[in-house]
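Here the structure comes first, spelled out in structure tokens, and everything after it is commentary.
The values are calculated or read from the model by the stated rules, or taken from the named source; none is laboratory data. Not measured: the values here are computed from a predicted model. Heads up, the Cβs are rebuilt from the backbone with ideal geometry, glycines too, and the neighbour counts pull from every protein chain shown. Surface areas here come from the heavy atoms of the whole protein model, side chains and all, with no ligands, DNA or RNA. Shrake-Rupley method; radii C 1.70, N 1.55, O 1.52, S 1.80 Å.
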Amino acid sequence: AIIPAVTLTELWGMLDQLENGFLGISFFVIVIGFLTILISLYMSLDQRQREMAILRSVGVTAREITYLLLVEATILSIIGTLSGLVFQYVILFTIGPIIEAKYSLLIPIAAPSTRELVIVGGFAILGSLFGLVPALKAYGNSLAHGLQVKN
């Protein structure tokens, strides 16, 4: 005979392990996203060095250029987090009914909780902080270095 309480306890234990696995995967996806922001801004700095030198020559201060790069990183972070939220709900609305019809498993679709919004906001802020490294590098670049003719 099967005891339902024991079987359900084992099932929920397996689902907890699956959920922890998904949390681990999502952590690494977020870290890779932050590193992508850092690398893309850092690599584009070499390509945009002349542009920044021209901005400096017309009176833009190094602090303002640093601010521009931080704003760019912040915008990228916000766009990334918002598109992630939209993508999540698109998947929930499209796949949720299929899972419910096929497996009788209801996935409730609700607005993000305050805790989730704080986490998403924290990721957006953290992503903008990753733009600090290329911004500080741009701050240290000299005007003469960016205006040199490269062969």
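The table below gives the values:
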quantity: Pairs where the first residue, in segment 90-117, is touching a residue at least 24 places away in the same chain (Cβ under 8 Å) and the second is part of a helix (DSSP H, G or I) and open to solvent by less than 90 Å² (accessible area, probe 1.4 Å), C-beta under 8 Å, 6+ apart; calculated: Pro112/Leu85; Pro112/Val120
quantity: Sole residue being closer than 18 Å to Glu116 by Cα and in contact with a helix residue (DSSP H, G or I) (Cβ under 6 Å, 6 or more places away or on another chain), chosen from Ile37, Ile78, Ile25, Ile65; calculated: Ile78
quantity: Filter result for Gly21 (open to solvent by less than 60 Å² (accessible area, probe 1.4 Å), part of a helix (DSSP H, G or I) and modelled with pLDDT of 85 or more); calculated: yes
quantity: Residue match in segment 125-142 (condition: exposed (fewer than 11 other Cβ atoms within 10 Å of the Cβ), at pLDDT below 85, of a type outside the set (Lys, Arg) and at negative phi); calculated: yes
quantity: Segments classed as helices (runs of 4 or more DSSP H), wholly inside segment 37-151, with at least 2 members that are closer than 26 Å to Ser26 by Cα; calculated: 62-103, 114-130, 132-140
quantity: Cβ pairs under 6 Å, 6+ apart, first in segment 51-76 and under 24 Å from Ile37 (Cβ atoms) and touching a residue at least 60 places away in the same chain (Cβ under 8 Å), second polar (S, T, N, Q) and assigned to a helix (DSSP H, G or I); calculated: Ala73/Ser128
quantity: Lone unmet requirement of (1) open to solvent by 80 Å² or more (accessible area, probe 1.4 Å); (2) under 30 Å from Leu23 (Cα atoms) for Arg50; calculated: (2)
quantity: Verdict on Ile98 being under 30 Å from Trp12 (Cβ atoms), open to solvent by 70 Å² or more (accessible area, probe 1.4 Å) and over 18 Å from the mean Cα position of the chain (by Cα); calculated: yes
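Yes/no matrix, rows are residues, columns are (1) open to solvent by 90 Å² or more (accessible area, probe 1.4 Å); (2) closer than 30 Å to Arg56 by Cβ; (3) in contact with a Gly (Cβ under 6 Å, 6 or more places away or on another chain):
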residue	(1), (2), (3)
Glu72	no, yes, no
Ser77	no, yes, yes
Ser83	no, no, no
Ile91	no, no, no
Ser104	yes, no, no
Ile107	no, no, yes
Ala110	no, no, no
